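The values are calculated or read from the model by the stated rules, or taken from the named source; none is laboratory data. Predicted model only: the values in this text are computed from it and were never measured. As a convention, Cβ positions derive from the backbone with ideal geometry for all residues, glycine included, and neighbour counts pool all protein chains shown. These accessible areas exclude ligands, DNA and RNA; they are computed on the full protein's heavy atoms, side chains included. Shrake-Rupley method; radii C 1.70, N 1.55, O 1.52, S 1.80 Å.
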Amino acid sequence: MAVPEEQLATWAKQGSVTQSASTYQTVKAALEDPSAPFHNRTFDVFLQGSYGNDTNIYADSDVDIAIRLSSTVYADTSKLEGVELQRYKNDFSRADYQLTDFKADVLAWLRHKFGNSVDPGKKAIRIPANGSRRDADVLVCAQHLNYGTSREHYHDGIIFWTTDGVQIVNYPKQHLQNCTSMNQATYSRFKANVRVVKNLRNRMIHLGKLKDDIAPSYFLEGMLWNAPNQLYTGSYQTTFENYMSWLEAANHTDLTCANGIHWLLREGHPVCWRKEKFDTFRLAAIQYWKQPNH
């Protein structure tokens with residue numbers, strides 16, 4: 001017996017929009033305040049995560065914001081060779097203001113604006129909720145250019161380091177654009193079905209059928225982004241069965257994250273989903289689908 005269509009339709013609804021929008025504008029205004037110690041640096045502030053991608057559900061409580069330094073640029077030049085590599089080396093100069101300096105300035109400023117309860121966190125700075133303002137995570141990062149075989153061809157992303165020294169390069173703007181394009185191509189069905197599967201995951205966690213670290217929302221979005229557009233039908237029940245059947249037969253090594261750049265399933269990479277966890281989620285979801293009341 002499948003999960004009832006009525007339940008899936010409820011799960012498909014988007015979570016808080018008004019409070020999240022207000023929280024984003026409040027934090028964005030603080031980051032762009034002319035009095036901030038980093039105001040003379042070149043940076044941009046943008047949404048990422050579930051709210052930024054319109055896939056937030058009612059259980060989502062935080063707003064994910066990135067502030068990206070672009071007056072200091074990091075790069076991967078491993079594919080450049082010969083003249084192209086020499087051109088890069090000739091033009092390269094080390095900046096006197098590094099990402100570590102930027103993060104220290106942003107942290108100090110956010111504590112000045114929102115109080116000492118602001119926490120630097122392992123990846124992002126956490127601004128706790130207050131009144132109608134929701135929790136906010138501010139990721140302090142820098143622009144990262146991943147070059148192809150020439151300097152004219154590159155992926156424009158972000159780079160940051162966790163507090164334990166792990167370097168992470170990612171592409172949140174490409175992720176958002178690709179998910180938006182797929183949502184348009186599926187007549188607004190893609191993001192609704194992402195919200196369905198996120199709520200289904202939360203229900204399984206609540207029932208003790210899945211550990212809470214198995215299926216992060218970012219990877220669930222990537223998982224569904226790989227499924228062909230034609231699988232997203234008018235029925236949530238049919239769509240779930242369509243993409244679960246497709247995933248069972250798919251070549252899992254070819255799946256990519258929704259940014260279209262990173263592989264979705266790889267071992268030992270901080271931006272990839274472990275195959276073991278992907279399989280655990282997929283099998284648990286199918287089992288729950290068959291017996292949702294057990």
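Taking a ≥ b ≥ c as the square roots of the eigenvalues of the Cα gyration tensor of the range 48-117, is the shape rounded (a/c under 1.5), prolate (a/b larger than b/c) or oblate?
Working: a/c = 5.26, a/b = 1.70, b/c = 3.10.
Here the range 48-117 falls in the oblate category.
Solvent-accessible area per residue for the range 197-294 at a 1.4 Å probe radius, Å²?
Working: 4660 Å² over 98 residues.
I get 48 Å² per residue for the range 197-294.
Mind checking the dipole of the chain: about its Cα centre, +1 per Lys or Arg Cβ, -1 per Asp or Glu Cβ, Debye to the nearest 20?
So the magnitude is around 400 debye.
Using only Cα atoms, what is the ratio of the radius of gyration of the range 226-294 to 2.2 N^0.38 Å? Mind showing how you got there, number by number?
Values: Rg = 13.3 Å, N = 69, 2.2 N^0.38 = 11.0 Å.
Dividing the Cα Rg of the range 226-294 by 2.2 N^0.38 Å gives 1.21.
Per the 1.4 Å probe, what fraction of the accessible area of the chain, in percent, lies on carbon and sulfur atoms? Let's see the in-between values first.
On the way: 6960 of 14390 Å².
Whole-percent figure for carbon plus sulfur exposure: 48.
If all Cα-Cα distances of the range 1-63 are sorted into 5 Å bins from 0 onward, what percent lands in each bin, rounded to whole numbers?
Histogram of Cα-Cα distances, whole percents per bin: 4, 15, 20, 16, 13, 11, 8, 4, 4, 3, 2, 1.
For Ala9 paired with Met244, estimate the spin-label separation in nm (one decimal), with each label point 7 Å from Cα along the Cα-to-Cβ line.
If labels sit at Ala9 and Met244, their model points lie 2.0 nm apart.
Counting only heavy atoms of the protein chains, get the accessible area per residue of the range 33-105 (1.4 Å probe) and round it to a whole Å² value. Walk me through the numbers on the way to the answer.
Details: 3910 Å² over 73 residues.
With the other protein chains kept in place, the range 33-105 gives 54 Å² per residue.
What's the Cα-based Rg to Rh of the range 139-294, Rh via Kirkwood?
Values: Rg = 16.6 Å, Rh = 16.8 Å.
Result: Rg/Rh = 0.99.
What value, in deg cm²/dmol to 500, does the helix sum -39500 (n - 2.57) over DSSP H runs of n ≥ 4 give at 222 nm once divided by the residues of the chain?
Working: 10 runs with 123 residues, N = 294.
Theoretical 222 nm ellipticity from helices: -13000 deg cm²/dmol.
For the chain, build the charge dipole from Cβ charges (+1 Lys, Arg; -1 Asp, Glu) around the Cα centre, then report which of Trp263, Ile127, Asn251 sits farthest towards its positive end.
Ile127
Quick one: if you stick a label point 7 Å off each Cα along the C-beta vector at Arg266 and Gln184, how many nm between them?
The modelled label-to-label distance comes out at 2.9 nm.
Relative to the compact globular guide of 2.2 N^0.38 Å, what is the alpha carbon radius of gyration of the range 98-163, as a ratio?
On the way: Rg = 15.3 Å, N = 66, 2.2 N^0.38 = 10.8 Å.
Against the compact-globule rule of thumb, the ratio is 1.42.
Once you sort the root eigenvalues of the Cα gyration tensor of the range 1-122 as a ≥ b ≥ c, which label holds: rounded (a/c under 1.5), prolate (a/b larger than b/c) or oblate (the other case)?
Details: a/c = 3.31, a/b = 1.53, b/c = 2.17.
Verdict is oblate for the range 1-122.
In Å, the Kirkwood hydrodynamic radius of the range 60-175 over pairs of distinct alpha carbons? Before the final figure, lay out each step's value.
Values: mean 1/r = 0.0632 Å⁻¹.
Computed over the range 60-175, the radius equals 15.8 Å.
Would you check the accessible area of Thr77, probe 1.4 Å, heavy atoms only, in square angstrom rounded to 10?
40 Å²
Excluding ligands, DNA and RNA, what is the solvent-accessible area per residue of the range 129-174 at a probe of 1.4 Å, expressed in Å²?
Details: 2030 Å² over 46 residues.
Accessible area per residue: 44 Å².
Considering only protein heavy atoms, what is the solvent-accessible area of Lys113 at a probe of 1.4 Å, reported in Å² to the nearest 10?
90 Å²
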